[in-house]
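Coordinate-derived values only; no laboratory data. Remember, predicted model here, so these are calculated numbers, not experimental data. Cβ atoms come from the backbone with ideal geometry, glycine included; neighbour counts cover every protein chain shown.
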Amino acid sequence: MYKKVNTDLNFVEREHNTLKFWQDNQIFEKSVKEREGCPTYMF
């Protein structure tokens, strides 16, 4: 019924890959620019 979940995940490597993607594509900077002029949001 359910697909087996791979338990051999390297979370450290996945996190590094995600960070590299964010840096390479300037994701944070884009998200800040997209919200310019909007109310401040904090959590």
Legend entry - Where labels lie 7 Å past Cα in the beta-carbon direction, separation of M42 and K20 in nm: 3.5 nm
Inset, instruction - For F28 and F11, calculate 0.36 nm times their separation in residues minus their Cα-Cα distance, and state this gained length in nm to one decimal. - result: 4.0 nm
Inset, instruction - Provide Rg over Rh for the chain; use the alpha carbon set for both Rg and the Kirkwood Rh (inverse mean inverse pair distance). - result: 1.22
Legend entry - Angle in degrees between helix 11-24 and the longest Cα principal axis of the chain, rounded to the nearest 10: 30 degrees
